[in-house]
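> Have a look at this one before I ask anything.
Laboratory data are not the source of any read-out in this text; all were calculated from the coordinates shown. Just so we're clear, the structure is a prediction, and the values are computed from it rather than from any experiment. Glycine gets a Cβ as well: all are built from the backbone with ideal geometry, and neighbour counts include every protein chain shown.
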Amino acid sequence: MRKQNMDNPWISYRWVPQEVLPDFGQFSANHEQINRIAGKFLERDSEGESWLFTGYELNLFPDEAEGYYLNVSATTPCWFVMWRLEEDVERYVDESSIPMAKSEASLAVPHRICVSYNEAARLLDGGESVDTVPLNDEHNSWLQEYVDQKYRPEPKKRHKPASFKGAERPAEE
């Protein structure tokens, strides 16, 4: 996540997901913490600060294949990152990053990562904050392979034109 400084009279910064990377153990020092959200402060520069969060698992489901198809067929296929502003930062960051996390009232913590348009829409409908990060070519081709294997569009059903359904007339008395 990236905390970007802004030149705005009403807000001084905004949170945005910066990048999504697969973690093959290079980010998680402790393998027991897999599937547990763990944040770490990375750096601060003149434009803001960066945080690394680990502990996410991405599962693909055959019944969600239409949402994956909608993603890979979009102009810019992307990751969907659902995040929340959290005040209880001790639950989400490593011990060395707690002082930095507590320097503000809240910290943006990603809670879910997905690649389905439909799932992202459900999260948005539920009132969650969801932002996008473009998929790189490698991840896009991986998702496209899954879609090619699992997605079968629903056959289109022909609807009778209204003129053949008959008029609704009151019965004659």
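> Once whole DSSP H runs in the chain are found, which of them have Cα atoms spread over 30 Å or more along the helix axis and a mean Kyte-Doolittle score of at least 1.0?
For the chain, where a helix must reach 30 Å along its axis and average at least 1.0, there are no hits.
> Could you tell me which GluC sites (Glu not before Pro) in the stretch 89-148 are loop residues by DSSP with no more than 16 other beta carbons within 10 angstrom of their beta carbon?
Listed in order of number, the matching sites are 104, 128.
> How large is the helix-only mean residue ellipticity at 222 nm for the chain, computed as the sum of -39500 (n - 2.57) over DSSP H runs with n ≥ 4, divided by its residue count, in deg cm²/dmol to the nearest 500?
-5500 deg cm²/dmol
> Below 13 Å, Cα to Cα, which aspartates and glutamates can residue 40 reach? Residues fewer than 8 away in the same chain don't count.
Leaving aside aspartates and glutamates fewer than 8 places away in the same chain, those within reach of residue 40 are 49, 90, 94, 95.
> Work out the P(r) tail for the chain: percent of alpha carbon pairs separated by more than 18 Å, whole number.
69
> Further question: Within the chain, what's the longest stretch lacking chymotrypsin sites (Phe, Trp or Tyr not before Pro) that sit in DSSP loops with no more than 11 other Cβ atoms inside 10 Å?
For chymotrypsin sites (Phe, Trp or Tyr not before Pro) (loop position, at most 11 other Cβ atoms within 10 Å), the longest site-free span of the chain is 25-173.
> Suppose R0 equals 41 Å; then what is the FRET efficiency for residue 57 and residue 7 from their Cβ-Cβ distance, rounded to the nearest 0.05?
E(calc), rounded to 0.05, equals 0.60.
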